[in-house]
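First the structure, in the form of structure tokens, and then the observations on it.
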Amino acid sequence: MDGAKLNKMKYICVIIILLFLAFCTCFPASAEEQGIVDVHLIQSGLEYDANQHSREYLLGPNDVISIFVYDADEFDQERIRVQPDGNIIITPLGAVKVSGKSVDELNKLLIKEYKLYLKNPQLTIRLDQSRPFVAYVTGNVLNPGGYELNTDTTAVYPAGVNAFSDVQITRRSPLLSNLLVAAGGAKFDSDFERVKITNSNTHYSFEVNLLNILENKDTREDIYLMAGDVVNIPKLPTPLAVSEEKYVKYVTSTFSPRRIPVKVFGYVQNPGLVQLDSSASITLNSALMAAGGYLTDAAYAPKKVYISRADASGKLVTKTVNPMVNDIVVMPNDIVYVPEKIRPLIAKAFEAMTKLITPINAFANSYNNAALMFNPTRYQVIGK
């Protein structure tokens with residue numbers, strides 16, 4: 001009997017152990033427990049998280065909201081503008097402080113206030129129009145500073161100067177790329193993989209990779225900016241660190257400057273500074289054509305052109321290029337030098353003789369013409 005009870009207890013223990021193991025397998029271990037680490041999380045503690053793409057909007061002066069109370073239409077109020085002091089006037093609550101609160105926080109506050117007048121009030125708050133706000137851009141851009149971004153897409157701007165219209169259009173949507181366009185564009189030697197965005201009001205700080213927009217068409221990196229955001233565009237240690245592939249993608253983007261300055265000197269028609277259109281060709285031959293092309297006495301195009309580019313210390317690094325074989329892409333502030341074509345010795349001799357004979361021939365012709373005026377019979381025509 002004791003043996004039978006003992007066997008029965010063994011069976012019960014085995015069944016309990018099996019049930020426990022089956023229960024554990026239903027809940028797999030977390031990534032940390034399994035030793036799996038997301039590569040993106042270890043790249044930067046400030047790296048942009050796609051889940052934070054839509055940040056919580058905080059109400060402020062000049063925002064326009066509407067409040068709807070369920071089953072109590074007499075409490076509905078539409079298009080209430082937040083006053084400069086951050087308050088709104090609601091009947092019958094009076095002045096309510098909303099500046100600095102999210103729509104969800106305001107909803108909870110009003111439900112608490114309306115309980116004095118309604119039993120179990122249910123509210124819906126609609127953001128009808130968000131205010132224009134100022135965001136700042138610093139670092140390696142053409143025109144750093146603060147820019148007002150207008151989020152009212154229904155506003156009609158007066159037609160006029162093209163430059164004014166362009167600026168207004170670019171500022172209608174407060175996206176990161178539009179702020180860079182308003183600032184004149186980022187310079188080509190910017191570190192687009194480590195663009196930092198901070199906000200002292202919300203203690204927000206993270207990095208975005210703008211190259212993902214250009215290379216992978218990942219528009220999640222083109223974030224929606226908030227009031228008080230400060231965008232810093234860092235600079236690469238040297239322009240030589242910019243690869244030609246990334247540079248071509250950058251030049252065709254909206255946040256690239258429209259003009260590429262290049263200096264062309266030497267054996268060209270109009271040496272000096274030329275401006276290349278970034279939406280057109282930005283190659284070496286385009287720069288040479290913008291400088292008027294080679295001099296007219298060139299029998300053939302030179303096979304050797306020097307291109308100089310500054311490194312991190314400001315020292316020029318020069319390389320030789322054959323424009324007939326390798327029409328490379330030029331970068332801002334490149335210096336292009338076209339040497340004088342090397343001509344054969346016989347060609348130089350003929351050119352010297354021509355320069356010597358031409359004035360003698362001109363003098364002889366002038367002398368003969370003057371002599372004919374005083375002695376028309378100086379020359380006799382044979383047979384007359």
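The values are calculated or read from the model by the stated rules, or taken from the named source; none is laboratory data. Note that the structure is predicted; figures quoted are calculated from it, not measured. Reconstructed Cβ throughout: ideal geometry from the backbone, glycine too, with neighbour counts over all protein chains shown. When the accessible area is computed, the model is the full protein with side chains, heavy atoms only, and any ligands, DNA or RNA have been set aside. Shrake-Rupley method; radii C 1.70, N 1.55, O 1.52, S 1.80 Å.
Structure summary
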| item | result |
| --- | --- |
| Selected residue (criterion: farthest from Ser177 (Cα to Cα)) from residues of region 219-234 that are open to solvent by 30 Å² or more (accessible area, probe 1.4 Å), touching a Lys or Arg at 6+ places or on another chain (Cβ under 8 Å) and at pLDDT 90 or above | Pro234 |
| Unmet criterion (only one of (1) open to solvent by 70 Å² or more (accessible area, probe 1.4 Å); (2) of a type outside the set (S, T, N, Q); (3) more than 19 Å from Ala227 (Cβ to Cβ)) for Glu105 | (3) |
| Region 85-102, residues that are touching a strand residue (DSSP E or B) at 6+ places or on another chain (Cβ under 7 Å) and crowded, with 16+ Cβ neighbours inside 10 Å | Gly86, Ile88, Ile90, Val96, Val98, Lys101 |
| Residues of region 264-284 satisfying the condition of being under 23 Å from Ser190 (Cα atoms), outside any helix (DSSP H, G or I) and not small (Gly, Ala, Ser) | Leu273, Val274, Gln275, Leu276, Asp277, Ile282, Thr283 |
| Residue selected from region 285-316 under the condition within 16 Å of Phe188 (Cβ to Cβ) and of a type outside the set (Gly, Ala, Ser), by the criterion surrounded by the fewest Cβ atoms within 10 Å (Cβ to Cβ) | Asp311 |
| Enumeration of residues in region 241-266 that are among the aromatic types (Phe, Trp, Tyr) and open to solvent by 20 Å² or more (accessible area, probe 1.4 Å) | Phe265 |
| Region 307-328 residues that are in contact (Cβ under 8 Å) with a residue 40 or more places away in the chain and charged (D, E, K, R), paired with ones that are open to solvent by less than 50 Å² (accessible area, probe 1.4 Å) and in a loop (DSSP other than H, G, I, E, B) (beta carbon under 8 Å, 6 or more apart) | Arg309/Met331; Asp311/Thr238 |
| Val231 vs. criteria in a strand (DSSP E or B), of a type in the set (Val, Ile, Thr) and more than 30 Å from Tyr57 (Cα to Cα) | no |
| Inter-residue pairs, beta-carbon under 7 Å, first over 21 Å from Pro132 (Cα atoms) and in region 82-105, second open to solvent by 40 Å² or more (accessible area, probe 1.4 Å) and in a helix (DSSP H, G or I), 6+ apart | Leu93/Glu113 |
| Per-region count, region 114-124, residues assigned to a strand (DSSP E or B) and open to solvent by less than 50 Å² (accessible area, probe 1.4 Å) | 1 |
| Residue within region 125-134 that is of a type in the set (D, E, K, R), modelled with pLDDT of 90 or more and open to solvent by 30 Å² or more (accessible area, probe 1.4 Å) present | yes |
| Search result, residues across region 217-256 that are among the aliphatic types (A, V, I, L, M), closer than 19 Å to Val330 by Cα and over 14 Å from the mean Cα position of the chain (by Cα) | Leu236, Leu240, Ala241, Val242 |
| Test result for Arg378, within 60 Å of the chain's Cα centre (by Cα) and modelled with pLDDT under 70 | no |
| Ile111 vs. criteria at pLDDT 90 or above, surrounded by fewer than 16 Cβ atoms within 10 Å (Cβ to Cβ) and aliphatic (A, V, I, L, M) | yes |
| Within region 180-218, considering residues that are in a helix (DSSP H, G or I) and touching a strand residue (DSSP E or B) at 6+ places or on another chain (Cβ under 9 Å), the one most open to solvent (accessible area, probe 1.4 Å) | Arg194 |
| Residue match in region 76-87 (condition: at pLDDT below 90 and not small (Gly, Ala, Ser)) | no |
| Conditions (1) surrounded by fewer than 16 Cβ atoms within 10 Å (Cβ to Cβ); (2) on the phi < 0 side of the Ramachandran plot: number failed by Arg79 | (2) |
